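The values are calculated or read from the model by the stated rules, or taken from the named source; none is laboratory data. These figures come from a predicted structure and were not determined experimentally. Cβ placement follows ideal geometry from the backbone for every residue including glycine, while neighbour counts extend to all protein chains displayed.
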Amino acid sequence: MAEISTIELLRNFEKEQELKLKNVEESSTKEIEKAKKEFTTKLKEEEKKILKEKEKIISKAKEKAKSDVKNILDEYKDSKKRLEKQYSKNFDKAIEKIFSQIIKE
């Protein structure tokens with residue numbers, strides 16, 4: 001009888017240990033899943049922050065490019081006006097020279 005109760009005690013102890021191991025495995029799995037979800041959430045939040053910062057930088061770059069293009073266009077228009085005035089003056093001088101040459105002849 002002592003042998004049976006010792007074997008029975010060992011079986012019960014083994015079952016208890018298996019149950020504890022199963023509980024630890026389940027608990028560990030839950031903790032891993034929880035940590036995984038938290039990490040995924042933080043990663044998504046960080047991606048959103050980076051995307052917003054990227055959009056902000058792109059927006060600033062577009063505004064800067066618009067400003068630069070406007071400045072270049074203004075400079076072009078000013079240069080064009082200046083060249084047109086020079087052309088007009090030179091054209092008038094050329095006409096005057098031609099007429100003065102014709103009159104001299």
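When L9, L51, L73, L43 are checked against the criterion of being of a type in the set (A, V, I, L, M, F, W, C), part of a helix (DSSP H, G or I) and more than 32 Å from the chain's Cα centre (by Cα), L9 stands alone in meeting it. For segment 96-105, a tally of residues being hydrophobic (A, V, I, L, M, F, W, C) and surrounded by 10 or more Cβ atoms within 10 Å (Cβ to Cβ) returns 2.
From the list K93, K89, K37, the one residue that fits, being modelled with pLDDT of 95 or more and either surrounded by 10 or more Cβ atoms within 10 Å (Cβ to Cβ) or part of a helix (DSSP H, G or I) (or both), is K37.
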